[in-house]
1. What tally of residues in segment 107-136 results from selecting those that are touching a strand residue (DSSP E or B) at 6+ places or on another chain (Cβ under 7 Å) and assigned to a loop (DSSP other than H, G, I, E, B)?
2. Can you tell me which residues in segment 34-56 are open to solvent by 60 Å² or more (accessible area, probe 1.4 Å) and touching a Lys or Arg at 6+ places or on another chain (Cβ under 9 Å)?
3. Going by what's in this entry, would Arg180 be described as within 18 Å of Gly12 (Cβ to Cβ) and either crowded, with 16+ Cβ neighbours inside 10 Å or among the aliphatic types (A, V, I, L, M) (or both)?
4. Please determine, by comparing only the residues of segment 164-174 that are open to solvent by 90 Å² or more (accessible area, probe 1.4 Å) and free of Cβ contacts under 8 Å to residues at least 60 places away in the same chain, which one is farthest from Glu112 (Cα to Cα).
5. Can you find, within segment 148-163, the residue that is farthest from Val115 (Cα to Cα) among those that are surrounded by 12 or more Cβ atoms within 10 Å (Cβ to Cβ) and of a type in the set (A, V, I, L, M, F, W, C)?
6. Of the residues that sit in segment 9-32 and are of a type outside the set (Gly, Ala, Ser) and in contact with an Asp or Glu (Cβ under 8 Å, 6 or more places away or on another chain), which one is surrounded by the most Cβ atoms within 10 Å (Cβ to Cβ)?
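The values are calculated or read from the model by the stated rules, or taken from the named source; none is laboratory data. Since this is a predicted model, take the numbers as computed values, not measurements. Cβ placement follows ideal geometry from the backbone for every residue including glycine, while neighbour counts extend to all protein chains displayed. Please note that ligands, DNA and RNA were not included when accessible areas were found on the heavy atoms of the full protein model with its side chains. Shrake-Rupley method; radii C 1.70, N 1.55, O 1.52, S 1.80 Å.
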Amino acid sequence: MRLIILGPPGAGKGTQAELIAAERGIPHISTGDIFRDNIKRETPLGVQVKGILDSGGYVPDEVTNEIVADRLAQDDAKDGFLLDGYPRTLAQVKALDELLAGDGHALDAVLELQVDEQELVQRLVKRAETSGRADDTEDVIRERQEIYRRETAPLVQTYTERDLVVDVDGMGEMSAVTDRIRAALDKVAADR
């Protein structure tokens with residue numbers, strides 16, 4: 001399957017993506033993880049990305065698109081993947097569409113984890129306390145949630161118009177959310 005997972009910060013999408021990708025035998029591809037790995041290894045890409053992020057900027061679409069295209073060309077992604085953190089802009093949606101079409105493929109589904117904002121804030125405040133991140137205050141967390149909603153809304157609308165969005169209740173125990181995602185993906189597979 002060729003999938004995207006969306007969800008606001010604190011929704012648990014990274015955790016769920018790892019579980020679902022392992023179950024489905026496809027790679028979990030996180031652009032954030034790719035950037036962090038390159039920064040850590042001080043690759044040319046890492047140096048470039050670190051400079052951009054340190055100055056408070058966004059990694060340009062062209063750079064992100066190139067990284068994703070390179071990753072999707074690897075053998076383990078030939079039969080499917082789960083993208084996490086990409087696409088983030090409509091220009092990236094277009095680039096992904098063109099990339100997949102060039103290989104004769106299309107997305108199977110876009111999973112959107114739905115979690116109550118107050119629950120998200122509580123999760124992130126608790127995570128900040130346990131990880132010692134004093135900069136993750138409730139106000140900062142709420143601002144990140146607002147930015148996510150504003151930036152993601154056009155993507156959700158685009159994929160909804162294509163009948164690809166599968167809403168998944170992200171509230172409750174991790175295993176219950178995983179079960180809901182599994183059931184949703186089984187339905188997508190059966191409907192293909």
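1. Matching residues across segment 107-136 total 2.
2. Glu42
3. Criteria met by Arg180.
4. Among residues in segment 164-174 that are open to solvent by 90 Å² or more (accessible area, probe 1.4 Å) and free of Cβ contacts under 8 Å to residues at least 60 places away in the same chain, the one farthest from Glu112 (Cα to Cα) is Glu173.
5. Leu155
6. Among those residues, the one meeting the criterion is Lys13.
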